Each structure stands twice: as C-alpha cells, then as structure tokens.
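Below is one structure, written out as structure tokens; comments come after it.
The values are calculated or read from the model by the stated rules, or taken from the named source; none is laboratory data. Remember, it's a predicted structure, so these values are computed and weren't measured experimentally. Every residue, glycine among them, receives a Cβ derived from its backbone with ideal geometry; neighbour counts consider all protein chains shown.
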C-alpha cells in the first residue's frame with residue numbers, strides 16, 4: 001500500500017484547484033470576448049452624424065473602454081495560454097524569465113507613479129528541463145508578490161540569472177514591506193496569505209511545488225520594512241530530451 005505525505009497531498013490539492021480555476025476561466029474568457037465583440041460591433045453600426053456632440057463623446061468613451069477591456073482579456077488569456085500543453089523539454093531559462101517579466105509590464109506602468117524600477121541582469125543562457133508554461137507561471141507568482149510588496153513604497157525590483165556550482169540561479173529581490181519571522185514560517189503553507197481577500201494562498205505554494213518538480217530549490221530571506229530576496233536554483237540541462245542530471 002502506498003501512502004502519500006501530507007505535503008504531496010497539499011501540493012496535489014493546490015495544483016488541482018489551480019487547474020479547475022484555469023479551466024473555468026477559459027470558458028468565461030470566451031463568453032466575455034463574444035459579448036464584448038457584440039457590443040463593439042453594434043456600436044460601429046450606430047449612425048453618429050446627426051447625434052448631439054455630447055452623445056458622440058459618450059459613445060467614443062464606450063468604445064475606448066471596450067477596447068481597453070479587450071486588451072485586458074487578451075492579457076488574461078496569455079496568462080492561461082498553454083496550460084493544457086503537458087510538454088517537458090529543455091528550455092533556455094532566461095527566455096522563460098523574460099516571458100514572465102513581459103507579463104508584469106502593465107503593473108510597472110501602472111505603478112510608475114510609485115517609482116517602481118526594474119533592474120534585470122542576465123548572465124546565463126543555460127537550459128532547464130521543464131514545462132515552459134508551468135515554470136513561467138511559477139516565476140510570475142514570485143514577481144507579482146514582489147510588486148505587491150512595493151505597491152505603496154515603490155523601489156527597485158532586481159531580477160538576476162546566473163550560474164553557480166553547475167546550477168542556474170534566479171534571484172528576485174524587492175525593496176518592499178518585507179516578511180515577518182512569524183509569517184516566514186507559513187508562506188509556503190496552502191491557503192495562507194497576508195493579502196486578505198485579495199489573496200488565494202496558492203501562489204507561493206504552487207510555485208514551490210513546480211520548482212521542486214524540476215529539481216529546483218527555493219530560499220527566502222527577508223527583513224521587515226526592508227525587502228525580500230527569493231533565490232531559486234535548478235540543475236543545468238544539457239540534453240533536449242532528458243531531465244537534468246539523468247543518465248543516458
């Protein structure tokens with residue numbers, strides 16, 4: 001008889017929960033996209049030549065808002081795109097990091113008034129054997145947490161990729177609010193969040209599970225009021241078809 005550890009069961013529950021949310025979101029995405037296309041399509045058919053200027057203005061605002069909503073939906077779809085592709089292979093790790101960074105650009109623009117500065121240093125083009133989608137989302141979770149931590153204070157978000165001891169290393173360092181010693185012991189527990197109703201408690205737990213699935217290790221250092229540093233390391237892959245460290 002096979003017994004699963006509590007951590008394995010928790011990881012499975014978190015992954016299944018995420019899968020259910022994404023599959024449901026996919027259906028909602030298509031419904032909203034169709035409804036939005038109808039609204040924008042009908043709007044274009046309305047004759048505006050003889051409308052009062054005030055009505056024209058409001059119709060233009062509706063169109064602008066509709067296009068902005070479409071952009072948000074497309075961004076959301078790019079977040080869940082590829083979830084069903086269960087393919088593990090050798091991927092250039094820095095490419096995955098750049099893909100995750102590209103998905104937070106809108107947050108950097110929105111947070112511009114709070115002076116959030118992104119500093120990226122890539123010193124490795126090594127590969128990691130993984131599922132590109134899973135890895136991208138796991139890294140994205142860490143980046144989003146870093147931005148959330150700097151939402152009020154601003155600061156520098158540092159992202160570095162380099163090699164050390166035959167492993168590839170990803171550092172994500174923020175100058176945010178930091179994590180207390182009490183919370184540090186709980187951040188990887190399922191359903192634990194410091195974000196109140198805004199958080200699901202899945203992000204860091206799922207990320208850790210994905211990293212470990214591909215031989216990764218994650219280390220967190222933080223000081224309350226000063227910031228947090230996540231260091232994630234993986235074995236470097238040299239074969240396009242085999243997991244890192246496997247014998248051929």
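Each row is one residue, and each column tells you yes or no for (1) at pLDDT 95 or above; (2) surrounded by fewer than 13 Cβ atoms within 10 Å (Cβ to Cβ); (3) part of a loop (DSSP other than H, G, I, E, B); (4) not assigned by TED's automatic domain parsing to the domain that holds residue 145.
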{"residue": "183", "(1), (2), (3), (4)": "no, no, no, no"}
{"residue": "190", "(1), (2), (3), (4)": "no, no, yes, no"}
{"residue": "194", "(1), (2), (3), (4)": "no, no, yes, no"}
{"residue": "197", "(1), (2), (3), (4)": "no, yes, no, no"}
{"residue": "200", "(1), (2), (3), (4)": "no, no, yes, no"}
{"residue": "205", "(1), (2), (3), (4)": "no, no, no, no"}
{"residue": "210", "(1), (2), (3), (4)": "no, no, no, no"}
{"residue": "222", "(1), (2), (3), (4)": "no, no, no, no"}
{"residue": "231", "(1), (2), (3), (4)": "yes, no, no, no"}
For the stretch 90-99, state whether one or more residues are touching a helix residue (DSSP H, G or I) at 6+ places or on another chain (Cβ under 8 Å), at pLDDT 75 or above and not in a helix (DSSP H, G or I). yes
Those residues of the stretch 119-147 which are more than 12 Å from the chain's Cα centre (by Cα) and farther than 17 Å from residue 168 by Cα, in sequence order: 119
If you check residue 79 against the conditions, is it within 26 Å of residue 233 (Cβ to Cβ), surrounded by 10 or more Cβ atoms within 10 Å (Cβ to Cβ) and at pLDDT 75 or above? no
Selection status of residue 70, outside any loop (DSSP other than H, G, I, E, B) and touching a helix residue (DSSP H, G or I) at 6+ places or on another chain (Cβ under 7 Å): yes
Among the residues that make up the stretch 147-154, is at least one of them modelled with pLDDT under 90, at positive phi and part of a loop (DSSP other than H, G, I, E, B)? yes
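Results for (1) at pLDDT below 75; (2) outside the structural domain of residue 150 (by TED's automatic domain parsing); (3) more than 30 Å from residue 153 (Cα to Cα), shown as yes or no for each residue.
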position: 22; (1), (2), (3): yes, yes, yes
position: 37; (1), (2), (3): no, yes, yes
position: 43; (1), (2), (3): no, yes, yes
position: 66; (1), (2), (3): no, yes, yes
position: 73; (1), (2), (3): no, yes, no
